[in-house]
Amino acid sequence: MRTFQMGKSNLQFSRLVYGVWRLADAEDTSIKHVREKIDLCLDQGITTFDHADIYGDYECEKLFGKALADDPSLRSQMQLISKCDIALMSDKFSDRRVKFYDTSAEYVRASVEQSLQNLSTDYLDLLLIHRPDPFMNAAETGAALDQLIDSGKVKAVGVSNFEVWDWRLLQANMRHPLVANQVEMSLLQRDAFTNGNLSAMQLDSLTPMAWSPLGGGALFGDTPETRRLAPIFERLAQEQGASVDHVALAWLLAHSANILPVVGTNNPSRIKSLSNILDIEIDRETWFELWTAAAGQEVA
Amino acid sequence: MRTFQMGKSNLQFSRLVYGVWRLADAEDTSIKHVREKIDLCLDQGITTFDHADIYGDYECEKLFGKALADDPSLRSQMQLISKCDIALMSDKFSDRRVKFYDTSAEYVRASVEQSLQNLSTDYLDLLLIHRPDPFMNAAETGAALDQLIDSGKVKAVGVSNFEVWDWRLLQANMRHPLVANQVEMSLLQRDAFTNGNLSAMQLDSLTPMAWSPLGGGALFGDTPETRRLAPIFERLAQEQGASVDHVALAWLLAHSANILPVVGTNNPSRIKSLSNILDIEIDRETWFELWTAAAGQEVA
Amino acid sequence: MRTFQMGKSNLQFSRLVYGVWRLADAEDTSIKHVREKIDLCLDQGITTFDHADIYGDYECEKLFGKALADDPSLRSQMQLISKCDIALMSDKFSDRRVKFYDTSAEYVRASVEQSLQNLSTDYLDLLLIHRPDPFMNAAETGAALDQLIDSGKVKAVGVSNFEVWDWRLLQANMRHPLVANQVEMSLLQRDAFTNGNLSAMQLDSLTPMAWSPLGGGALFGDTPETRRLAPIFERLAQEQGASVDHVALAWLLAHSANILPVVGTNNPSRIKSLSNILDIEIDRETWFELWTAAAGQEVA
């Protein structure tokens, strides 16, 4: 699988990223089954795994980490992303009074330490600030993130769900470059393509990552959007043998901004076929056919 | 007529620009009649003509070009703007499946070659990217535009309907400066004055051009806006002998940002009087009277 | 009271600013009562007073100025802010046809001269452009503002109700730095925290000032917002003896961006207790509890 150099860093990530946010939802969460998913990814060259402290009510990192603890040789074959700053209401934090964001130096450092412990590793390849924090002290957060990179505990830092002024403020308070912004992008969520956000990411060398690249499953429902998209999906199925989910991911991959989709299926047979997506060709006109069908109106 | 130096270029454009987008709609599209309109403009110092590949279903450039072919001495007396990147659904491109944008190097170069051929000229004074393309490969498009300038086929490049992050991304991938942004601005479309777009254009030395400066003719209808504007128009008619359309254009000319209105009337008598607009004085308070009547509420 | 250095200037402003916009609304507007309010502020270290030419239909500056004329020793104990560019419909300007903004050099200079005369002073510490002017000639306005600073008539210049492209355009036309942006911010008006405006202010070293920090009194009404906020206000009243208005101001003070709230109560007993606000502690979780109750939904 092709790899991609993240932002201004030396990190090489795989062109598709496997997202573990539903790992704890699987019926079987044994080490054996987690390892099976990891191997299915690695066998295809999908070497980058996207975590967050909070996924699975704070359980997903631990499930994944058990597989790494069981076979430490796995770590060098993969890149690990995790995130922090969302403080969830959870039985595990019974004294919390509200869901909030925390980008304080103390919290960020503690969150990274916990992620490292959960994942049985001594470094993250990429740490993302999960949500823009309206209470952020940029000087404090920026310094804490720089220190985490200097210490080797994280190789690089980025953001998620940020818009340009928020990341520029954080960047202005850091020595190391922010290298990524993970936002929602899909055929069903196209705002970043037109509101300046994707352009600003490219301008500032933040590699765009796409969460919910399948629209949270809505592409498989029966909606006005999916009914308009259906004939194009059918044509591409006939021409290239491409399934709906593969077309939707290839639509993101076709963009020159090197968008990295974060794919999170728990289904082993679907995982096994992910690398086929890279063979699908979405030319410019087809890209706009899909855009137009999703939007329900032609471009201006 | 006053002229204006476009952006950071050496181009001198006339203070009013004649837009040909309805040239093919005229009852008589003979060379003689096209030439008549050109002469009416040139006689008044309106030397800049605004085209696009697609105007008149790809016919307007050709109609205009016939007059240039008929009298090649005209070319040196005028400046020609054209645009590209909108791929229209059209009988002329019967294999198109959808309206789309195309900023690929190949398409942009071919579009310019076609415009040059249509217009019977060997250079455009200004080429505009017609619409922001959500699929744009900025490195590719920027390099293609630079090459077109280097080759002498276009003297300068700008954009149309762009917002700041999109033009900054394109500019970051070019050596030559973008010199203009043509957007909709009029008494009936005032967004650019308040949403930062006109400020950002001035900051980045993009000369603002205004399409539909008369609101697409809506200023002549009977609407709440026009009823509120009527008493002010009447006063200005009495004080300065100014017609509604001339006031609306003078309202744009009065702004210090040097907004160039693109005027597209097919009516010879209206064309003949266009230069009178430059004699109308719209002072600050009158400017806000018109703003307020159009908006239907006083400023905050 | 703590003081704060404004933007990139040498100005030291008090952490709370007293706003006089309702000074003319008080039952007693005698010099004695105005002086009483000034003394109540100064006694607590509230040394910065926020004016505008238009407050009280152009009367507030004069009322305040009488106290300064009566005791010139007061001037050196305080900092004076005033504003200009809103031209109100008023009996005092009976020939005006519309409310408008005026950032012309002539108007801005005359407005400052009038403010100096009204306030019985020979300098303003800070002059703010009151509203973004869609008709602004940035080169002209910027030069006029620079000259006012050079002449010593104003120590520094800032803006009010601006967004980033408007202040960047003005700044690009000035030699002296803009040092503040006064916008509406409160528990009931949180847009600046999420739309990039507060981040951009920090990035550009514009000190944020908050007008209507109590939501124009709406925090004391019976609304869905205040009903959701009530239990938290009650808890903070019990824990820290803090009143609703003090909590709302402390919520702004707790932010690391050094937001300066402009407080405008006419009630002497309320003025007398303002400095108590600085003792209230709003920790991060409480800050988000208040945010969430005001918003009516948890953060994303």
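The values are calculated or read from the model by the stated rules, or taken from the named source; none is laboratory data. These figures come from a predicted structure and were not determined experimentally. Here Cβ is always computed from backbone atoms with ideal geometry, including for glycine, and neighbour counts include all displayed protein chains. What goes into the accessible areas is simple: the full protein's heavy atoms, side chains included, and nothing from ligands, DNA or RNA. Shrake-Rupley method; radii C 1.70, N 1.55, O 1.52, S 1.80 Å.
What to note about this one:
Okay, residues lined up against (1) at the interface with chain B (Cβ under 10 Å from one of its Cβ atoms); (2) over 27 Å from A:Ala200 (Cβ atoms):
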position: A:Phe233; (1), (2): no, yes
position: A:Ala257; (1), (2): yes, no
position: A:Val263; (1), (2): no, no
position: A:Arg284; (1), (2): yes, no
position: A:Leu290; (1), (2): yes, no
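- Taking the numbered list (1) within 14 Å of chain A (Cβ to nearest Cβ); (2) surrounded by 23 or more Cβ atoms within 10 Å (Cβ to Cβ); (3) free of Cβ contacts under 8 Å to residues at least 40 places away in the same chain in turn, B:Leu145 passes all entries but (1).
- Index of the failed condition, B:Val154 passing every other in (1) open to solvent by 30 Å² or more (accessible area, probe 1.4 Å); (2) at pLDDT 95 or above; (3) farther than 18 Å from B:Phe288 by Cβ; (4) of a type outside the set (Ser, Thr, Tyr): (1)
- Filter result (open to solvent by 10 Å² or more (accessible area, probe 1.4 Å) and within 15 Å of A:Pro213 (Cβ to Cβ)) within region A:275-290: A:Leu278, A:Ile280, A:Ile282
- Candidates in region A:248-300 are the residues that are among the small types (Gly, Ala, Ser) and more than 30 Å from A:Leu63 (Cβ to Cβ); of these, the one that is farthest from the chain's Cα centre (by Cα) is A:Ala300.
- Restricting region C:148-175 to residues that are within 14 Å of chain B (Cβ to nearest Cβ) and β-branched (Val, Ile, Thr), the residue that is farthest from the chain's Cα centre (by Cα): C:Val164
- Among the residues of region A:265-282, those identified as farther than 20 Å from B:Tyr101 by Cβ and either within 14 Å of chain B (Cβ to nearest Cβ) or not in a helix (DSSP H, G or I) (or both) are A:Thr265, A:Asn266, A:Asn267, A:Ser273, A:Ile280.
- Summed over region B:219-237, the residues that are touching a residue at least 12 places away in the same chain (Cβ under 8 Å) and surrounded by 15 or more Cβ atoms within 10 Å (Cβ to Cβ) give a count of 7.
- Residue in region A:195-210 that is closer than 25 Å to A:Asp39 by Cα, touching a residue at least 60 places away in the same chain (Cβ under 8 Å) and among the β-branched types (Val, Ile, Thr) present: no
- The number of residues in region C:193-208 being more than 8 Å from chain A (Cβ to nearest Cβ) and over 19 Å from the mean Cα position of the chain (by Cα) comes to 1.
- Within region C:183-210, tally of residues that are buried (at least 20 other Cβ atoms within 10 Å of the Cβ) and either in contact with a Gly (Cβ under 7 Å, 6 or more places away or on another chain) or of a type in the set (Lys, Arg) (or both): 5
- Failed item in (1) under 15 Å from B:Met209 (Cβ atoms); (2) surrounded by fewer than 22 Cβ atoms within 10 Å (Cβ to Cβ), with B:Leu16 passing the rest: (2)
- For region C:119-148, filtering for residues that are β-branched (Val, Ile, Thr) and closer than 15 Å to C:Cys84 by Cα leaves 2.
- Exactly one residue out of B:Glu113, B:Glu61 is in contact with a His (Cβ under 6 Å, 6 or more places away or on another chain) and not hydrophobic (A, V, I, L, M, F, W, C), and it is B:Glu61.
- Options B:Thr103, B:Thr29, B:Thr48, B:Thr3; residue that is without any contact (Cβ under 8 Å) to a residue 60 or more places away in the chain and under 18 Å from B:Thr207 (Cβ atoms): B:Thr3
- Which numbered condition B:Val98 fails, given (1) out of contact with any helix residue (DSSP H, G or I) (no Cβ under 8 Å at 6 or more places or on another chain); (2) over 29 Å from B:Ser14 (Cα atoms): (1)
- Of all residues making up region C:238-255, the number that are in contact with a Phe, Trp or Tyr (Cβ under 7 Å, 6 or more places away or on another chain), crowded, with 21+ Cβ neighbours inside 10 Å and more than 11 Å from every other protein chain (Cβ to nearest Cβ): 1
- Note on region B:145-250: enclosed strands (runs of 3 or more DSSP E) holding 3 or more residues that are small (Gly, Ala, Ser) are B:154-160.
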